Amino acid sequence: MSDEFRFEETPFDKLHEECGVIAVYGHAEAANIAYLGLYALQHRGQESAGIASSDGREIHNYRGMGRVAEIFTPEVLGSLPGEMAIGHTRYSTAGDTALLNAQPFSVACNKGRLAVAHNGNITNASELRRELEHEGSIFQASSDTEVILHLVARSRERTLAAALREALLQLEGAFSLVFLAEDRMIVARDPHGFRPLAFGQMEPSGGKTCYVFGSETCAFDLIGAVYLDDVAPGEMVIIGPEGMTRERYAPVRDRAHCVFEHVYFSRPDSIVFGRHVAQSREMLGRLLAREHPVEADVVVPVPDSGVASAIGFSSEAGIPFRQALIRNHYVGRTFIEPSQAIRDFGVKLKFNPVRHLLEGKRVVLVDDSIVRGTVSRKIVRMVRGAGAREVHLRISCPPTVSPCFYGVDTPMKAELIAANHSIEEIRRFVEADSLGYLSLSGLRKAVADDRHDYCYACYTGDYPTELINIEEMMTAKDRR
Ligand code: AMP
């Protein structure tokens, strides 16, 4: 295995991926509220963002590359009038990384003008796309979300809701979707409920009720909305001039909430799948300490992904918690690597060790996961280089052995270190004195999954949906 550092491919570049969606109905400043919501969901994707609004007659859409605060200047927000808005922040999980793939997508079709934003990954998108292209559809982008719009446009159903229902029933995989039409909004979640989608309410001045939907409740906190419920798996919510209706559009299926939302993606101040992420993260650390105890002087998190579980580990083990790795939060994509490459440059760019806290210490280093192992090795080396006497790596989930096809950007199987190596081999590769992963039962316990409501496919290889061409998907480079 090569440990060469390639800047474009480092997971740092990809930290906090996936997508975040937001939808606002019935607010005089809908686009501004959507903007704030996206701001709070920025950790779910930093490559591009967009907002589409409707003033009842027309849909306005603005998308840009980069971060939410950079894209949405007051002028841009001023060009998005109306009381309804949907927004999206994206790290690509399907399709190329270009503005063309930034969302919301908007089209004019026989159902009127329509915009859509999507979080998740449709596993039968290529099959559907092939069929649609065969029948004459023309695609603008390479993202799987566009397939949905084509299915809606081609439906013979007369109403948008009926056409959507028909379209959604043809999709497989993960989708939390928000649609905007001129006079209404429709949101829906796949029947397994892979990705989150919360539902809330706010009372802007004027007494009218405003409804909001979002990937995580931390967005609601910022805009002053109350979290009411989740959009249920297989549920569609329609809000228009006639009011709001909630309906089940798909038969009940086994739930498969993405456990990685609790392990890594979601912010600890969010409630995801009805559970506080902070509670899960602390439990992950506590159970990890019970399963893999070690004599040490300090517990050090890899920030930010390991912080909450390191706190749990520290409390459980009675070993002091120390922030001995400092993260630079402003590492962006625009950084130009000097031609005279410095050793381990990427890791140094992002983290700096606090020698004073590490020198001569036996250190428990806590992180959420090991994917390829290359970053973990650099961090272990960095901690040791700062004088640590021992470095014990603890990972707050089981070994990642299988790629995700439901919206998490894991590399293909061949690149997952745990898919091809024993724990002892991984320990040697990352150069730790000891290595311990949380067990699957520990993970299940930490998220209180008594009813088997979660998807653990990345740790088990046991996928909750049928995957056509699974072999091809496992090895495809551009699988995502
Ligand atoms: P590595 O040691 O190269 O496998 O990198 C591990 C680091 O990647 C950890 O700090 C994780 O927080 C981070 N990470 C975990 N999952 C992902 C993911 N799906 N995409 C990007 N980074 C991730």
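The values are calculated or read from the model by the stated rules, or taken from the named source; none is laboratory data. Bear in mind that the values here come from a model prediction, so they are computed numbers and not experimental data. Because the Cβ atoms are built from the backbone with ideal geometry, glycine has one as well, and the counts that use them run over all protein chains shown. Only protein heavy atoms, including side chains, enter the accessible area calculation; ligands, DNA and RNA are left aside. Shrake-Rupley method; radii C 1.70, N 1.55, O 1.52, S 1.80 Å.
For GluC sites (Glu not before Pro), the sites in the range 185-284 that DSSP calls loop and that have at most 14 other Cβ atoms within 10 Å are Glu242. Counted residue by residue at 0.36 nm each, then reduced by the alpha carbon distance between them, the extension gain from Asp304 to His134 reaches 56.6 nm.
Just want to confirm a number: the relative contact order over the chain, from Cα pairs under 8 angstrom separated by 6+ residues, in percent. Provide the component values of the computation, followed by the final result.
Working: 1124 pairs, mean separation 61.4, N = 480.
Result for the chain is 13 percent.
The C-alpha atoms of the chain define a longest principal axis, and helix 125-134 lies at about 40 degrees to it. Here the Karplus relation 6.51 cos²θ - 1.76 cosθ + 1.60, evaluated at θ = phi - 60°, turns the backbone of the range 391-401 into coupling constants of 10, 10, 8, 10, 10, 7, 7, x, x, 7, 10 Hz, with x for every Gly and Pro. Rounded to the nearest 500, the helix-only mean residue ellipticity at 222 nm of the chain stands at -7500 deg cm²/dmol, with each DSSP H run of n ≥ 4 adding -39,500 (n - 2.57).
For the chain, give the percent of accessible area contributed by carbon and sulfur heavy atoms, probe 1.4 Å, rounded to a whole number. Could you put the intermediate results ahead of the total?
On the way: 9610 of 19350 Å².
Ligands and nucleic acids excluded, carbon and sulfur give 50 percent.
With respect to the chain, whose longest principal axis is taken over its alpha-carbon atoms, helix 307-317 is tilted by about 40°. Ranked by solvent-accessible area (1.4 Å probe, protein heavy atoms only, all chains present), the residues Phe194, Phe429 order from largest to smallest as Phe429, Phe194. Against the longest principal axis of the chain, how steep is helix 374-385, in degrees 0 to 90 to the nearest 10, with axes from Cα atoms? The angle comes out at about 40 degrees.
A crude spin-label estimate for the pair Ala414 and His276, with each label 7 Å from Cα along the Cβ direction, gives 4.6 nm. Taken over the chain, lysine pairs spaced eight or more positions apart, or on distinct chains, with alpha carbons under 19 Å apart number 9.
Less than 13 Å Cβ to Cβ from Glu359, Lys/Arg counted +1 and Asp/Glu -1: what total charge do the surrounding residues give? List each step's numbers first, then the result.
Details: positive: Arg322, Arg355, Lys361, Arg362, Arg384, Arg389; negative: Asp297, Glu390.
Residues close to Glu359 contribute a combined charge of +4.
Each Lys or Arg adds one and each Asp or Glu subtracts one; over the other residues with Cβ under 14 Å from the Cβ of Pro398, this totals -2. Only the Cβ atoms of Lys and Arg (+1) and of Asp and Glu (-1) were treated as charged; on that basis the dipole of the range 16-256 about its Cα centre amounts to roughly 300 debye.
For the peptides 396-409, 55-68, 264-277, residues were scored by their other Cβ atoms within 10 Å and the scores averaged per peptide; the highest-first order is 396-409, 264-277, 55-68.
Using alpha-carbon positions, what is the distance between the centroids of the range 109-127 and the range 369-409, in Å? That distance is 35 Å.
Rounded, prolate or oblate: pick one for the range 336-480, where a ≥ b ≥ c are the square roots of the eigenvalues of its C-alpha gyration tensor, a/c under 1.5 means rounded, and failing that, prolate if a/b is larger than b/c, else oblate.
Details: a/c = 2.46, a/b = 1.48, b/c = 1.66.
Oblate, because a/c is 1.5 or more while a/b does not exceed b/c.
Between Arg355 and Val401, full extension at 0.36 nm per residue minus the direct alpha carbon distance yields a gain of 13.1 nm.
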